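Below you'll find the structure, written out as structure tokens, and then a few comments.
The values are calculated or read from the model by the stated rules, or taken from the named source; none is laboratory data. Please read these numbers as outputs of a predicted model, since none were measured by experiment. Counting neighbours? That spans all protein chains shown, and the Cβs are built from the backbone with ideal geometry, glycine included.
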Amino acid sequence: MKHRISTVTTRTGDSGTTRLADGTKVAKTDSRIIALGTVDELNSFVGLLVTELEDASTPKSLCVCIQQELFDLGANLATAGATPLPALDHLDTAVAEMNAKLPPLKEFVLPGGSRAAALAHVCRTVCRRAERLLWELGACTDGARYLNRLSDVFFVMARTLNAGHHEPQWHGSQRPGGKAEVAGKAENAGKTEGGNSNVKATDV
């Protein structure tokens, strides 16, 4: 078996540069490196979430799969598209299957509840940040679409993991007109994408 890493400390990055898989030397502040690092950050949070999930559960098996796919996405970024990207279809299926078992949404959900659900929300928000970076990069639009779907997975997963726990919901400001003033705007914003205002309110 080939050794992927033989030396951890190389000192080659001490000047603020690094290399892509093809040997191209770039600054560590390069947009592709920032995107790649954010995908790695997301994978780390998914790994933390996995430690909170029950063995043989659907969320855990799904997250283990997602970790492999995020590494594939990172490889795609590091090779400038030479490595295949993960597929989207199974993410749509996962969202549909989990969502079918959940009660209807009557209000905006806040991150929290169980520790596992809160971590799923962290994964969701980091995923959105990674997605924005890939759209900004412009060279990995299919990867950005994957992350767009994945953020929905984490949202529905968070709700699933809060089954049996209190699911925090937004009740608005106690100031007069506080909730009413923004509720209509949020509802209209949600209707612009698929009609699920709660899911798309997280798409910021």
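Side notes on the structure shown:
- Unmet requirement for Ile33, which otherwise passes all of (1) modelled with pLDDT under 95; (2) outside any helix (DSSP H, G or I): (2)
- Residues of segment 61-83 that are modelled with pLDDT of 95 or more and loosely packed, with under 13 Cβ neighbours inside 10 Å: Gln68 alone.
Quick grid of which residues meet (1) at pLDDT below 95; (2) buried (at least 22 other Cβ atoms within 10 Å of the Cβ); (3) on the phi > 0 side of the Ramachandran plot:
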| residue | (1), (2), (3) |
| --- | --- |
| Ala96 | no, no, no |
| Ala100 | no, no, no |
| Glu131 | no, yes, no |
| Leu147 | no, yes, no |
| Ala183 | yes, no, no |
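- Checklist (1) surrounded by 12 or more Cβ atoms within 10 Å (Cβ to Cβ); (2) modelled with pLDDT under 95; (3) under 24 Å from Thr38 (Cβ atoms) applied to Gly138, failing item: (1)
- Filtered by the rule that a residue be within 16 Å of Asp72 (Cα to Cα) and free of Cβ contacts under 8 Å to residues at least 12 places away in the same chain, segment 18-59 gives Gly37, Ser44.
- Per the conditions (1) surrounded by fewer than 18 Cβ atoms within 10 Å (Cβ to Cβ); (2) within 12 Å of the chain's Cα centre (by Cα), the sole criterion not satisfied by Cys123 is (1).
- Only residues that are among the aliphatic types (A, V, I, L, M) and touching a strand residue (DSSP E or B) at 6+ places or on another chain (Cβ under 9 Å) were counted in segment 106-132, giving 2.
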